[in-house]
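Have a look at the structure below before the remarks.
Derivation of every value follows stated rules applied to the coordinates shown; laboratory data play no part. No experiment lies behind these values; they were computed from the predicted model shown. Here the Cβ positions follow ideal geometry from the backbone for every residue, glycine too, while neighbour counts run over all protein chains shown.
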Amino acid sequence: MAKSWTPGRVNLIGEWVDFNGGWVLPAALPLGVAIDVTQIGGTRDIVGSAQFEGLAEAELDARASGHWADYVFGALQYARRKGWLTGGARAELSSDIPAGAGVSSSAAVTLGVLRALAPADTDATELAVLAREIENRFIGVPCGIMDQMAVAHTRPGEALALDTRTLSLQTIDLPSGWRFAVLHSGVQRKLADGRYKTRRTACLEAADQLEQEWLCDATDLSALDPEHQAIARHVTSENRRALEAIRALEAGEAETFGRLMTASHISLRDDFDVSTPEIDRLVADFLAHGAPGARITGAGFGGCIVVLKPAGAGQDWVQPVLDKHPAARLVCEIGS
Ligand code: GLA
């Protein structure tokens, strides 16, 4: 039996830049998915999950059908192509990463199946590139590389400063005394529902119109129509914020880091238009409560926010804000 454990991730800053040639700063969650894979031979794959009733079954060359187990079937198919598996397999999953919340539960599953089956010395970046290909080609979501790299390279307590253009990276320990709360807004979202594609297409169109290979490199946006200008303004400013935030993290400057997080939220809300009114209220209430920074995290359209806690704030610091938002809940805290 082959086993793996892979964390979910929360993106601290650098949103919607990972297919635009930008920098991102995700961090591992203490939550993850444990996967056991057993070769069973035959012509079908079988998937069970501690979180879902019943077993999912598929032919060895089945296409994605919109089922939660697609990520596993896709990863098993790609593992067979790599020669890491022969015939059918049975995979058992147990995950405490909330699904559909912007914290990469699906990237962790895909990467985790590959990690369980690949030879032990396989490069983590190779696994991440393969996991992204599965998401792009098998699942059909044209995502960037951030999530797969984050879950492949980081362990709880670490963040990943990643140049998504070159895949050069550095893992950074979260500075001592810094804690981030990850909270689910209670608004459920799904990535495959087309809104991700629409935003991505708008980014590529903007880059095209400005004759840039990467939208992050654009400086003069004035040739764009107002809608594309807003999209490009978010992408270019977010890349600058991510670089500044990486520097602030390394220097231990929490106030600067928090200010950049909040600026990122405002840009995602006003220019990129991927926030929701509930999430805006949640972020505003945490800022009013004394958070140095707060923002929506992941693709958006619902899901989680990430809040930098003030120094010395205890476990129950989030509670007064949660009392005003009954649908929201604390997912976990990260940091030391
Ligand atoms: C999703 C995608 C990532 C990235 C983020 C937005 O998580 O999978 O590649 O584009 O959205 O930053």
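Within segment 1-25, name every residue whose backbone N is under 13 Å away from a label modeled 7 Å from Cα of Q39 along the Cβ vector.
1-2
May I ask for the angle, rounded to the nearest 10°, between helix 226-251 and the longest principal axis of the chain, with both axes built from Cα atoms and the value confined to 0 to 90°?
The angle comes out at about 90 degrees.
In the P(r) worked out for the chain, what percent of Cα pairs fall beyond 35 Å?
Values: 11690 of 56280 pairs.
The share of Cα pairs beyond 35 Å in the chain comes to 21 percent.
If each of R281 and D323 carries a label point 7 Å out from its Cα toward its Cβ, how far apart are those two points in nm?
1.7 nm
Relative to the longest principal Cα axis of the chain, at what angle does helix 105-117 sit, 0 to 90 degrees, rounded to 10?
Once rounded, one gets 40 degrees.
How would segment 251-336 be classified by its alpha-carbon gyration tensor: rounded, prolate or oblate, with rounded meaning a/c under 1.5 and the a/b versus b/c comparison settling the rest? Walk me through the intermediate numbers first.
Working: a/c = 1.79, a/b = 1.14, b/c = 1.57.
Oblate shape, in that a/c is at least 1.5 and b/c is the bigger or equal ratio.
Toward the positive end of the charge dipole of segment 179-335, about the Cα centre and with charges on Cβ (Lys, Arg +1; Asp, Glu -1), which of S222, A263, G312 goes farthest?
G312
Using the beta-carbon distance between E53 and D96 and R0 = 25 Å, what value does 1/(1 + (r/R0)^6) give for FRET efficiency, to the nearest 0.05?
Values: r = 17 Å, r/R0 = 0.70.
Calculated transfer efficiency: 0.90.
Please report K324, K197, K309 as a ranked list, fewest other C-beta atoms within 10 angstrom at the top and most at the bottom.
Numbers: K324 11, K197 15, K309 26.
Ascending Cβ contact count within 10 Å gives the list K324, K197, K309.
For D208 and N136, what is the calculated FRET efficiency with R₀ set at 25 Å and r taken between the beta-carbons, to the nearest 0.05?
Working: r = 20 Å, r/R0 = 0.78.
Approximately 0.80, to the nearest 0.05.
Using label points projected 7 Å from each Cα along Cα→Cβ, tell me how many nm separate D217 and Q315, to one decimal.
5.1 nm
Hey, what angle do you get for helix 70-81 against the long axis of the chain, alpha-carbon based, 0 to 90 degrees rounded to 10?
So the helix axis and the longest Cα principal axis differ by about 60 degrees.
Can you tell me the length gained on complete extension of the stretch D225 to D61, counting 0.36 nm per residue apart and subtracting the Cα distance? The partial results should precede the final answer.
On the way: separation 164, 0.36 × 164 = 59.04 nm, distance 4.42 nm.
The span from D225 to D61 would gain 54.6 nm if fully extended.
How high is the relative contact order of the chain, given as a whole-number percent (alpha carbon pairs under 8 Å, six or more residues apart)? Spell out each step's value before the answer.
Numbers: 730 pairs, mean separation 75.6, N = 336.
Relative contact order, the chain: 22 percent.
Treating the beta-carbon of each Lys and Arg as +1 and of each Asp and Glu as -1, no other charges, what is the dipole magnitude of segment 179-335 about its Cα centre, to the nearest 20 debye?
Details: 18 positive and 23 negative charges, 133 e Å.
It comes to approximately 640 debye.
Under the √(5λ) rule applied to the eigenvalues of the Cα gyration tensor, what semi-axes describe the equivalent ellipsoid of segment 179-335? Give them in Å, descending.
On the way: eigenvalues 176, 71, 26 Å².
Here the semi-axes work out to 30, 19, 11 Å.
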